[in-house]
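To keep things clear, I will list the structure first and then write my remarks on it.
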Amino acid sequence: MIDIVYIGNGDYAMAIRVSAESALRRAACPHDIRIHVVTDDPFFPEIGYDIRRWKGLKGEAWHGTELVWSRIDFAELFPECDWVVSCDGDTLWRTDPADLWALRDERLLLQASRDVTAADGGTFEHYSWWERNGLYMPVEKCYCCGLMLLNLKRMRDECFSGTCRQFIADHPNPPMREQTVLSYVARDASAALPPEWGVFSFWHTDVEYPKLVHYVQDLPWKRDKVNRLMSDIVLEWWRECDRIGLTDRFIGYRGCRSALDYFWRRIVYVLMKPFASMIDRISWLRPHFRNARGLRK
């Protein structure tokens, strides 16, 4: 049995549905997959989670829901599971989840996609938090919690959640909340997943065929900024919505304010795509035309 765990409230309800459906649709044996949702919202009947214990504990660079802290408690929340896949709702599966499940390494506590922002030459201010707290954190051990394989059995055996809580007590307000904590506490028993797993949709990569796309900072249902273009990979997410009949549940025209807003974003993307290699070389321009390259198959 493959256990996939999502975290979310009503704001992410439809997105989680899209991601979960994409996993089941691509699975050779969908009956072998169990979907769990950790939530504090009555929209979901699955697993409630008391987030009051984390109220007031903020991260310097992250302002999401306190629900993300539940990842620290997964070993206790899912006592029947030896392993789980922890997955953000803003993701799209493009291959069978069993391919990821096959990568489990019993020697490790955690396997996760790389946080590509950490490898961007140290330009992100929140990574100075490690130095200010007298901690050393190798860039290659900075993970993204958007996709993780978690060895819950070993976490229970080693009282992993207790170690995480002690780390938070000693170093309050970590910049990326549970992502910082999990990456550091598990650093000696962790490994990065192959680069095709957890590819950021807006980040230019050399991955030939992404197996799971993460729409971090590029939510397909929120085309509300000038640089949020209608890229090929964003349209792939909307096609998944069409397949399961959820398109009309989102406000606007495919995430845009109107059909006209949609078309200019698509036209700009199509015009910019041939110049993707040039855009990649211009650091100040690249973020404003994210997705210009798209994702190759």
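The values are calculated or read from the model by the stated rules, or taken from the named source; none is laboratory data. This is a predicted model, so every value here is computed, not measured. We place every Cβ from the backbone using ideal geometry, glycine too, and count neighbours over all the protein chains shown.
For the reader, a short list of remarks on this structure follows.
- Set Val199, Val213: member being touching a Pro at 6+ places or on another chain (Cβ under 6 Å) and either surrounded by fewer than 20 Cβ atoms within 10 Å (Cβ to Cβ) or assigned to a strand (DSSP E or B) (or both): Val199
- Residue tally, condition assigned to a loop (DSSP other than H, G, I, E, B) and surrounded by 16 or more Cβ atoms within 10 Å (Cβ to Cβ), over the range 134-157: 2
- Check on Ser258, surrounded by fewer than 20 Cβ atoms within 10 Å (Cβ to Cβ), outside the structural domain of Pro97 (by TED's automatic domain parsing) and modelled with pLDDT of 80 or more: yes
- Residue count for the range 210-253, restricted to those that are of a type in the set (Lys, Arg) and within 18 Å of Val116 (Cβ to Cβ): 1
- Subset of the range 40-81 [modelled with pLDDT of 65 or more, buried (at least 16 other Cβ atoms within 10 Å of the Cβ) and either of a type outside the set (A, V, I, L, M, F, W, C) or more than 27 Å from Leu108 (Cβ to Cβ) (or both)]: Asp40, Asp41, Thr65, Glu66, Ser70, Arg71, Asp73
- The listed residues are Tyr215, Tyr184, and the only one of them that is of a type in the set (Ser, Thr, Tyr) and under 27 Å from Glu21 (Cβ atoms) turns out to be Tyr215.
- Subset of the range 15-39 (residues that are surrounded by 18 or more Cβ atoms within 10 Å (Cβ to Cβ) and more than 19 Å from Lys211 (Cα to Cα)): His36, Val37, Val38, Thr39
- Of all residues in the range 109-132 being assigned to a loop (DSSP other than H, G, I, E, B) and surrounded by fewer than 17 Cβ atoms within 10 Å (Cβ to Cβ), the one that is modelled with the lowest pLDDT: Thr123
- Residue tally, condition assigned to a helix (DSSP H, G or I) and buried (at least 17 other Cβ atoms within 10 Å of the Cβ), over the range 166-183: 8
- Taken over the range 164-181, the criterion of being in contact (Cβ under 8 Å) with a residue 40 or more places away in the chain and among the polar types (S, T, N, Q) is satisfied by Asn173, Gln179, Thr180.
- Residue count for the range 236-254 satisfying the condition of being at pLDDT 90 or above and either in the same structural domain as Ala13 (by TED's automatic domain parsing) or surrounded by fewer than 17 Cβ atoms within 10 Å (Cβ to Cβ) (or both): 3.
- Scanning the range 264-279 for residues that are at pLDDT 75 or above, under 30 Å from Leu24 (Cα atoms) and not in a helix (DSSP H, G or I) turns up nothing.
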